[in-house]
Amino acid sequence: MSKTQHYVQGKWTSATGEGKPSYDAVTGEFIAETSVEGLDIAAILHYGRTKGGSTLRKMTFQERGNMIKSLALYLTKKKEAFYELSYRTGATRVDSWIDIEGGFGNLYANASLRKLFPNQPYHVEGDPIDLSKGGRFMAHHILVPKKGVAIHINAFNFPIWGMLEKCACNWMAGMPAVVLPAPVTAYLTEAVVREIIASNILPEGALQLISGTAKNIFDTVESQDVITFTGSATTGRLLKSHPRIIQESVPFTMEADSLNASILGEDAVPGTPEFDLFINQARSEITVKAGQKCTAIRRMIVPEKLMDDVQAALSKSLDKVAIGDPRHKEVRMGALVSKDQVDVLKGRVTALSKTAKIVYGALEKTNLIGADEKGAFVSPIILREDHPFQNIAVHETEAFGPVSTLMPYKNLDEAIELAQMGKGSLVSSIVTNSDKIAKEYVVNAASHHGRILVLNRENAKQSTGHGSPLPLLVHGGPGRAGGGEEMGGVRGIKHYMQRCAIQGSPTTLTEITGIYQANSAYKEITQHPFQYHWDDIEPGMSLKTHKRTVTDTDIINFANLTWDH
C-alpha cells in the first residue's frame, strides 16, 4: 500500500503505522495512505529554525525575492504534471488553475515586493523620530526576521495555493516553513514540494513537509515561531487554545470558512448589466471548485421584490452547468474532495432545509458526464430563506460545497444587518451601479468583513471576482472568519518579522539603519563619490570641495541648459 511521504530534516521519509487513506474524488480509486506516526516533531521544528533559518536570515530582501522568482519560473515549467494530478481531487482545469497558477502567482507577486525593501537582511520602517531638542537623541523602527519557524496548517481545498501563498511571505521575511497539508489532498502538495526540493533553489531547511495531521505539532513551539491555520472555525478555535501557544505567546493567524454574503443593489433590476453580473457571479461561486472555497458566496441577499426574478434567472443559469469527470472538456463542475465531505454537506443542507426551502437541485439525484456514483458528486443547491431575521440557522450553518441561500431585504439597512449576522466574513460583495448605495454599504458593513468587492458594469471585465483573494491584499476577516490576516503585500511579509524601536544618537542610528539620519556625523572621503564602486558607498560619506560663488549668469546658463526657467 503506497503512502504519501514527508520531507523533513533534509530527506524524504515515510512514517510508520496505519494512516488515513485518500481516494480519487471522481472514480473512488485508492491513491495513498497518510500517516505521521514516528515523526520526531521537535527535531523537525529545530531543524527548520537552525538549518533553514540561519541561511535565510543572512540573505538580503533582494536575494530572497530573486530566489522566489526563480522558483516561480521553475514551477511554471512543471505545471502540466500538477494539472493531471489535480483532476483526482475533483477539480476542473479552471478550478486547478486557481490552485496551481494562482499559487505560482503568489510567488511572483511577493518576489516583486523586493523593490520595496532595502538590499539588506532587515527592514527600516517609517520615519525617524527626534526625541530631543538638540537633535542628538532619536529613534527609528526596524524589522528583523523572527528566529523561529513558520508552521502552516492548510485546508484540503487548495493544496498548492494554500502552501505557496503563505510560504511566499515567510521566505521573503527570511523565515523557514513547515507545511502540514490536509491528508485528503496531501499527495498533490507532496508532488509540488518534490519539484521544489529537486530545483535546489531554496536553501536546505527553508521548507519541510509533514503530509498530514500531526496532533503534537504545537507541543514544542517556541515564542519565535509563527502559526497559521486555514480550515473550519471550530477546529481553529480549538488549536488556538493550546496551552503551549498561550504559554509562549506564539502568533496564531486563523483564516476560517465563513458565511460570505453578496448583495444585489436595489437599482440592479432585471435588464440591467448589474443584474446579469450578479447572476453570473453567483453561478461561478457556487460551481467553481464545486463550491469548496472559503470565500464562496453562502448568502445571497437580494431586494424583496426581486427574489423570484433572481431565483428563476439563477436556476436557468445553473441548468447549463455540466457536472462530471473534470477531464471532459464540457464539464464545468467536478466533484467534492471525498465521499466523507458529501456526507457532511448533506447533513448541513438537511439542517438548513428545516426552515429554508430547497428551490433548486437535490441531495440524491445528479446527472453526470463520464462518471458515476463512485465519485463524490452532488448537484448545485439553492435554498430560499424568506424569514432570515427569524430563522438564523442560515447565518450560522455552512454547507461547504455548491450550496447558497437566497434571502430578501426591504431596504439597505436590512441588507447591511443581514450581512453582519454572519458574525464576521472573509469577503462580501455588492453589485450596484449606484456609488451612493455602494458607499453606504461599504462604510457600514466593512467592520464585519476582511474584503468588500463593489461590482458594476464599469469594472466587470477587469474584476477578479467575489471569491478571489489577491496576494497584495489582506486575506482574512473578523469574528467567525478567524480574526487573522494573510498575504496583504508588505503587511504579510512583516507578519514574520519582529518590530523593534531603536534609540540612540543620529550617528549610531545611521550605522544601524543604513540610512543617513539628520545631524549624524559625516564620514569624510578623499575622492569624488563617482569614483567609488556602488557597493562601497556608505551613508554619511561627505566630500568637502573648494568654495565658489554661484552667480546670476550660472543660474541663467543652467536654466537654458535644462529648460527649467
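The values are calculated or read from the model by the stated rules, or taken from the named source; none is laboratory data. All figures in this text were calculated on a predicted structure; none of them were measured in a lab. The protein model used for the area step is the full one, side chains on, heavy atoms only, and it has no ligands, DNA or RNA in it. Shrake-Rupley method; radii C 1.70, N 1.55, O 1.52, S 1.80 Å.
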**Item:** Straight-distance crosslink candidates among aspartates and glutamates, where the alpha carbon sits under 12 Å from Lys354 and sequence neighbours closer than 8 are dropped
**Value:** Glu385
**Asked** Taking only C-alpha pairs under 8 Å that are 6+ residues apart, what is the relative contact order of the chain in percent?
**Response** 16
**Prompt:** Between segment 13-77 and segment 291-337, how many Å separate their Cα centres?
**Reply:** 34
**Asked** Among bridges DSSP assigns within the chain, what percent are antiparallel (round to 5)?
**Response** 40
**Message:** On a straight-distance basis, which lysines could pair with Lys461 in a cross-link, Cα separation under 23 angstrom, same-chain partners fewer than 8 positions away excluded?
**Reply:** Lys289, Lys293, Lys316, Lys320, Lys436, Lys439
**Helix-derived mean residue ellipticity, 222 nm - over the chain, DSSP H n ≥ 4, -39500 (n - 2.57), to 500** = -10000 deg cm²/dmol
**Fill in**
Over segment 236-378, with neighbouring protein chains present, the accessible area per residue in Å² at probe 1.4 Å is 44
**Asked** Roughly how many Å² is the accessible area per residue of segment 112-200, as a whole number, for a 1.4 Å probe?
**Response** 32
**Asked** Do you know the relative contact order of segment 10-52, to the nearest whole percent, from alpha carbon pairs under 8 angstrom that are 6+ apart?
**Response** 34
**Prompt:** Given the C-alpha centroids of segment 397-452 and segment 457-524, what is the distance between them in whole angstrom?
**Reply:** 28
**Fill in**
Put Trp534, Trp161 in order of accessible area, largest first, probe 1.4 Å, and you get Trp534, Trp161
**Asked** Of Lys79/Lys166; Lys357/Lys410; Lys494/Lys523; Lys215/Lys240; Lys58/Lys115; Lys69/Lys115, which sit over 23 Å apart, Cα to Cα?
**Response** Lys494/Lys523
**Complete:** The aspartates and glutamates whose Cα lies under 19 Å from the Cα of Lys51, excluding any fewer than 8 residues away in the same chain, are Asp40, Glu63, Glu204, Glu222, Asp225
**Within the accessible area of the chain (1.4 Å probe), percent carbon and sulfur** = 53
**Fill in**
The answer for segment 435-565, accessible area per residue at 1.4 Å probe in Å², is 68
**Request:** Calculate one ³J(HN,Hα) per residue across segment 14-19 by plugging θ = phi - 60° into the Karplus curve 6.51 cos²θ - 1.76 cosθ + 1.60, and present them in order as whole Hz with x for glycine and proline.
**Result:** 10, 7, 8, x, 6, x
**Request:** Averaged over every viewing direction, what's the projected area of the C-alpha convex hull for segment 102-183? Give it in nm², one decimal, please.
**Result:** 7.1
